[in-house]
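Undergrad: The following block contains the structure, expressed as structure tokens.
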4 protein chains.
Amino acid sequence: MTKIGFIGLGHMGAPMVRNLLKHQHDVYIYDAVPAAMMALTDAGAIPAQSLKTVAQHAEVFITMLPSGENVAEICTGASGLFKLAQPGSLFIDSSSIAVDKARELHQLAARAGIQMLDAPVSGGTGGAEAGTLTFMVGGGEAHFNRAKPILECMGKKIVHMGAAGNGQATKISNNLILGISMIAVAEGMTLGKKLGIDPKKLFEICSNASAQCWSLNNNCPVPDILPNVPSSHDYQAGFTSAMMLKDLKLSQLAAQTVSAVTPLGAEATALYTLLNNLGHGSLDFSAIIKLIEAK
Amino acid sequence: MTKIGFIGLGHMGAPMVRNLLKHQHDVYIYDAVPAAMMALTDAGAIPAQSLKTVAQHAEVFITMLPSGENVAEICTGASGLFKLAQPGSLFIDSSSIAVDKARELHQLAARAGIQMLDAPVSGGTGGAEAGTLTFMVGGGEAHFNRAKPILECMGKKIVHMGAAGNGQATKISNNLILGISMIAVAEGMTLGKKLGIDPKKLFEICSNASAQCWSLNNNCPVPDILPNVPSSHDYQAGFTSAMMLKDLKLSQLAAQTVSAVTPLGAEATALYTLLNNLGHGSLDFSAIIKLIEAK
Amino acid sequence: MTKIGFIGLGHMGAPMVRNLLKHQHDVYIYDAVPAAMMALTDAGAIPAQSLKTVAQHAEVFITMLPSGENVAEICTGASGLFKLAQPGSLFIDSSSIAVDKARELHQLAARAGIQMLDAPVSGGTGGAEAGTLTFMVGGGEAHFNRAKPILECMGKKIVHMGAAGNGQATKISNNLILGISMIAVAEGMTLGKKLGIDPKKLFEICSNASAQCWSLNNNCPVPDILPNVPSSHDYQAGFTSAMMLKDLKLSQLAAQTVSAVTPLGAEATALYTLLNNLGHGSLDFSAIIKLIEAK
Amino acid sequence: MTKIGFIGLGHMGAPMVRNLLKHQHDVYIYDAVPAAMMALTDAGAIPAQSLKTVAQHAEVFITMLPSGENVAEICTGASGLFKLAQPGSLFIDSSSIAVDKARELHQLAARAGIQMLDAPVSGGTGGAEAGTLTFMVGGGEAHFNRAKPILECMGKKIVHMGAAGNGQATKISNNLILGISMIAVAEGMTLGKKLGIDPKKLFEICSNASAQCWSLNNNCPVPDILPNVPSSHDYQAGFTSAMMLKDLKLSQLAAQTVSAVTPLGAEATALYTLLNNLGHGSLDFSAIIKLIEAK
């Protein structure tokens, strides 16, 4: 049994806590919204009054927060967790944040004697509930080995991607490809349809040929081709356009720092920004086809 | 046994003829290059002095030519096959040509009483030799049924995509997605590498996650990750960058005619034009990573 | 006095005819729409029943038609003007058509003994009415010299750009730069505004600095900065988005034929296609800022 | 006579100091590189041993540093200028830095009782030497009025763009338009040339028509059209590709923060990144035509 402090109890954090509890861990929870804590006490989580309380009890900390600024706020400064926690504590940040920011936090953690890992996830709320998330982990190997059994309570695939920040780097590299390929599918399917092909026939061919990809085969943006995908249910997410935009932005930030050339990634970011500005941020990211179809 | 006229004996046409011969068809062959004809006589093909000779003997015609202009030249005009062939003949164009041009040829064929199909292929020279090509076919259903047993001598998958031109439309829709996704993979893998991730580890994750696609899983542009792909053999094609550029250009032409919006397709076309202008047209299309990596 | 046949009496053609009449030329007019002819008889134009009638009287022909297909239809074939006109006639096509198509028409004209020029214009309906158009002319120098005094009745600037097709090539090269720079201005002004700068102040600086360009200084897409531009009058054209899209498409077609790389031109074409698909084709091309602002 | 502290004595800073000295100001200079200070003592500048020394003497501070990180390092923290300087001092940052970073510095300055302005420049080293820079200034109006006479020693145009950060915002908005329009010119001129037009003729037309812009008329990227531009002198800068890339990156960062859509800006950033990665960062930014021409 490990004493775990868990900060950030949103759509992802809450089910992750439940899975930790199922494995008999003691979980001290904290969220800026008290109601979010209350909802988890039935399941056995222990609500904390403050970060300080969490720090007094926990030896492992997990953060699942909306932005790098939130994580920095929780961790750094005179009343941050890096100061409050016992040296030797393990700190796992599962938020999706900028690679640079993650690496900066690793350095600050090291100075405080904290063992840090960046461990963003894929799999969405479905994966969080089912305990089948993928954790892409960056940081020291010993830290990774310490964290692994805990992460296995919440995920099915726990991968060590190398040094500090590599977890975040992996996630944005994957999602850069994903975002572009979704637009590619939207363009190709729309072109075919406008040229007079029955979309179902086009799907049948392309999904078994070299156009095959996750965005086409598992999340086809044309409605009513696949039954259980967002496009067939008014684009209810799933992985929202706002979340895709967030990751694409992080990819472009990271590309700037290492002078990586991402012409299609840059364009994809512009298109998802446009989709979000048009008010479709809460739809699944396959809704980009609305823009391509100009509907 | 069907008497087949086959025009265009290049890298694709020659092995296709061999497969027709294996199925005991009589194949009358014609090519502007006499040596190309000679190379097939051993296998039993009957070289023709002229298109006129081909037309006198054949009841089914197959063309496999580099461009729509070549096909039009062979088919139309006073001494073209549409004039020379018997009404009721079946005409199968397996060249990759513009959708509009294909539809124009269908109309001209109909006026001459010729049964026309557009039937471009995927599968490359490997598929042509093995007889495992995919034929994407546009045109009347009765014509399709008549052609099917013949196409099955050369291909494994023969799909009727609907009316005239839909075969061509299918191919470019598929390859539009393919070309974009290859660049997406090049961008994502290069970004990850520049951020410090071991490319093999990144491949392992992405190829099993939502970045999964044919370009990554079956033709990874980073060398020495997959053993039997062009990138691991100095980008020996495969499907060349020049061929990808040709198809992307056809996709952009078609998009113009139906006002389809293809922002990433347009950009992909520019990038493959650049790669070709830099002298890499004969390399596999996965060589686009050279541009992204700025090597 | 020259006997001129004028085909195509739309928004541009009609005022051009009026200017020819003012210079005492005999103008035989023809249009598929009889009412378009009637509207010009008061001014002294002579309506023709058919192309044949035009051909019987005129020694110089001017076409001002919506597309290359229209021009080809009028000129080529058994009952086309190239057949009907006297050898030695001068033929000036002022339509905006594809460079390739223009060059093809030059060749057909030469075979028929017709002296051909491509001479597309800039200046819009305002320039057509005021007789201040710019003519960008491609074709033989002798032909150019013969045409010049006639074109000067309708334009202020008549420039010989070189061989066949160069008139069209000039127009699309100019408008490629124009279309891109308008989007650049829309992006820059929108970025500045969203960052909190008063658009009028930003305009004042940029229009006198290195961001200075025709799209900013003469057709600012932000309303109410310049008084007499389309953006300050609900984007009433001007040069419509549909016309800009047409020219951008022609530029992309031409780029394909000579393997020119136009990454921003390709993207600009996609964005204007989107704007047109959204129903804004009849607005001035500065309305692209609506898309960038996501309004 | 004002006592001015000047930090950052590079290609821009050094001539700016000389111009301040010409106007009889006392200038206390500081640079991490001692030789940079020595070079200015002849002209009357007073070298300082440390920032502390500068702070003891000066009432107005000007920074001209390569990055926002450099400015933050000089200003903030326990031994930074914001701490060392007298409350009421005027602080003018003429570096080009991120809008967000500038706004953050304004806030920190205000807390320390320092009067802050962001005042990036345009005009390059030529303008710095001639004292003809343009200063785009953000910050309080009273501060602006205090700074104006000092800035007038170094520049010809001193413009108040509004609140904190607006100086930086103005510069990147302008340069976003500039970077895109340079690529537009490169694309249009290359397209025209490949289509067979004499570049000089094309320039003559376009520079007097709607393609007219600073990048074409004042910095034509095709060599030997304009005599005194970088392209006619092996692309010797001028404003380097590296500097253009820096500003484009800042524009993309800023666009992210306010959800501005910059599809062409994003693409321009990718193209300049590619140009820099290919080793052309020190050439004038008009050298982007090398990439477009694929030379």
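The values are calculated or read from the model by the stated rules, or taken from the named source; none is laboratory data. These figures come from a predicted structure and were not determined experimentally. Cβ atoms come from the backbone with ideal geometry, glycine included; neighbour counts cover every protein chain shown. Surface accessibility is based on the protein's heavy atoms, side chains included, excluding ligands, DNA and RNA. Shrake-Rupley method; radii C 1.70, N 1.55, O 1.52, S 1.80 Å.
Undergrad: How many lysine pairs in the range B:3-162, separated by 8 or more positions in sequence or lying on different chains, have Cα atoms less than 29 Å apart?
TA: 21
Undergrad: Any idea what diffusion coefficient the protein assembly as shown gets from Stokes-Einstein, in µm²/s, Kirkwood Rh on alpha carbon pairs, 10 °C, 1.306 mPa s?
TA: 48 µm²/s
Undergrad: Under the Karplus relation 6.51 cos²θ - 1.76 cosθ + 1.60, θ = phi - 60°, what is the ordered set of whole-Hz ³J(HN,Hα) values for the range C:6-20, x standing for Gly and Pro?
TA: These are the phi-based 3J(HN,Hα) values: 10, 10, x, 10, x, 4, 8, x, 4, x, 5, 4, 4, 5, 5 Hz.
Undergrad: Enter the mean projected area of the convex hull around the alpha-carbon atoms of the range B:30-111, in nm², rounded to one decimal.
TA: Projected over every direction and averaged, the Cα hull of the range B:30-111 covers 5.4 nm².
Undergrad: Sticking with this structure for a sec: List the residues, sorted by chain then number, that are 5 or more residues from D:Q212 or on another chain and whose placed amide H is less than 5 Å from its amide H.
TA: Amide H to amide H, under 5 Å and 5 or more residues apart or across chains, D:Q212 pairs with C:W214.
Undergrad: With point charges of +1 on the Cβ of Lys and Arg and -1 on the Cβ of Asp and Glu, referenced to the Cα centre of chain A, which listed residue (A:T257, A:P15, A:G196) lies farthest in the positive direction of the dipole?
TA: So the residue we want is A:T257.
Undergrad: Next question. Would you calculate a helix-derived [θ] at 222 nm for the protein assembly as shown, using -39,500 (n - 2.57) for each DSSP H run of n ≥ 4 and dividing by the full residue count, to the nearest 500?
TA: Per the formula, -14500 deg cm²/dmol.
Undergrad: Hey, could you grab the Kirkwood Rh for the range D:3-162? Inverse mean 1/r over distinct alpha carbon pairs, Å, one decimal.
TA: For the range D:3-162, inverting the mean 1/r across all distinct Cα pairs yields 15.2 Å.
Undergrad: Now for a different question. Taking the dipole about the Cα centre of the range D:1-93, with the C-beta of Lys and Arg at +1 and of Asp and Glu at -1, give me whichever of D:H25, D:M37, D:G77 is farthest to the positive side.
TA: The residue sitting most towards the positive pole is D:H25.
Undergrad: Rounding to the nearest 20 debye, state how big the charge dipole of the range C:4-146 is about its Cα centre with +1 on each Lys and Arg Cβ and -1 on each Asp and Glu Cβ.
TA: That gives a dipole near 200 debye.
Undergrad: Distance between Cα centroids, the range B:149-190 to the range D:86-128: provide it in whole Å.
TA: 56 Å
Undergrad: For A:M116, which sequence-distant residues (separation of 5 or more, or a different chain) have an amide H within less than 5 Å of its own amide H, given hydrogens modelled in the peptide plane?
TA: Those qualifying (amide H under 5 Å, at least 5 residues apart or on another chain) are A:F91.
Undergrad: Each residue of the range D:261-275 in order: what ³J(HN,Hα) in whole Hz does its phi give by Karplus 6.51 cos²θ - 1.76 cosθ + 1.60, θ = phi - 60°, with x for Gly and Pro?
TA: Listing the rounded values in order: 9, 10, x, 6, x, 4, 5, 4, 4, 4, 5, 6, 4, 4, 4 Hz.
Undergrad: How big, in percent, is the set of alpha carbon pairs in the range C:152-255 lying more than 18 Å apart?
TA: Counting pairs separated by more than 18 Å, the tail of P(r) holds 57 percent.
Undergrad: Would you mind listing the distances between the D:N218 label point and the same position in each other copy? Use 7 Å along Cα-to-C-beta, nm, one decimal, shortest first.
TA: The projected label point of D:N218 is separated from its counterparts by 1.8, 5.3, 5.4 nm.
Undergrad: Smallest Cβ-to-axis distance in chain B, for the rotation taking B to C: which residue, how many Å?
TA: In residue-and-Å form, the answer is B:A266, 2.
Undergrad: How large is the dipole of the range A:185-226 about the Cα centre if only Lys and Arg carry +1 and Asp and Glu carry -1, each at its Cβ, rounded to the nearest 20 debye?
TA: 80 debye
Undergrad: Charges at C-beta only: +1 for Lys and Arg, -1 for Asp and Glu. How large is the resulting dipole of the protein assembly as shown about its Cα centre, in Debye rounded to 20?
TA: Rounded to the nearest 20 debye, it is 0 debye.
Undergrad: Two decimals is fine: what is log10 I(q)/I(0) at q = 0.15, 0.16 Å⁻¹ for chain C, from a Debye sum with one equal scatterer on every Cα and no solvent?
TA: -1.12, -1.22
Undergrad: For a quick check of understanding: with a 1.4 angstrom probe and all protein chains in place, what accessible area in square angstrom does B:D118 have, to the nearest ten?
TA: Rounded to the nearest 10, that gives 0 Å².
Undergrad: Under 8 Å for C-alpha pairs, at least 6 residues apart: give me the relative contact order for chain C, rounded to a whole percent.
TA: Answer for chain C is 13 percent.
Undergrad: Please report, as a whole percent, how much of the solvent-accessible surface of the protein assembly as shown comes from carbon and sulfur atoms (probe radius 1.4 Å).
TA: 52 percent
Undergrad: My understanding is that a pair violates if its Cα-Cα distance is over 24 Å; which of A:K194/D:K194; B:K194/D:K249; C:K200/D:K246; C:K246/D:K200 do that in this structure?
TA: Among A:K194/D:K194; B:K194/D:K249; C:K200/D:K246; C:K246/D:K200, the Cα-Cα distance tops 24 Å for A:K194/D:K194; C:K200/D:K246; C:K246/D:K200.
Undergrad: Once the dipole of chain A is set up with Lys and Arg at +1 and Asp and Glu at -1 on Cβ about the Cα centre, which of A:I97, A:A147, A:Q212 lies farthest towards its positive end?
TA: So the residue furthest toward the plus end is A:A147.
Undergrad: Can you run phi through the Karplus equation (6.51, -1.76, 1.60; θ = phi - 60°) for the range D:73-85 and list ³J(HN,Hα) in whole Hz, with x for Gly and Pro?
TA: Listing the rounded values in order: 4, 5, 8, 9, x, 5, 10, x, 4, 4, 7, 6, 6 Hz.
Undergrad: If you don't mind, another one. Name the long-range amide H neighbours of A:S207: under 5 Å, sequence gap of 5 or more, or other chain; modelled H, no Pro or chain starts.
TA: none
Undergrad: Now a separate question. If you filter the range D:61-169 for chymotrypsin sites (Phe, Trp or Tyr not before Pro), then keep DSSP loop positions with at most 11 other Cβ within 10 Å, what is left?
TA: In loop regions of the range D:61-169 (DSSP not H, G, I, E or B), there are no sparsely surrounded chymotrypsin sites (Phe, Trp or Tyr not before Pro).
Undergrad: Mind checking which aspartates and glutamates have their Cα closer than 18 Å to the Cα of C:K193? Skip sequence neighbours fewer than 8 apart in that chain.
TA: Of all the aspartates and glutamates, those that pass the test against C:K193 - Cα under 18 Å, at least 8 places apart if same chain - are C:E204, C:D224, C:E293, D:D100, D:D118, D:D247.
Undergrad: For C:H11, go 7 angstrom from Cα along the Cα-to-Cβ vector, then report the distances to that same point in the other copies in nm, smallest first.
TA: 4.6, 4.7, 4.8
Undergrad: I would also like to ask the following. Hey, if we sort D:S95, A:S122, B:S79 by accessible area with the 1.4 Å probe, largest down, what's the order?
TA: Descending order: B:S79, A:S122, D:S95.
Undergrad: Just to confirm the numbers: C:L278, label point 7 angstrom along the Cα-Cβ line, distances to the other copies in nm, shortest first?
TA: Result, one decimal in nm: 0.7, 3.3, 3.4.
Undergrad: Quote the accessible area belonging to D:D31 in square angstrom, nearest 10, computed with a 1.4 Å probe and with ligands, DNA and RNA left uncounted.
TA: 30 Å²
Undergrad: What's the center-to-center distance, using Cα atoms, between the range C:223-257 and the range A:1-67 in Å?
TA: 57 Å
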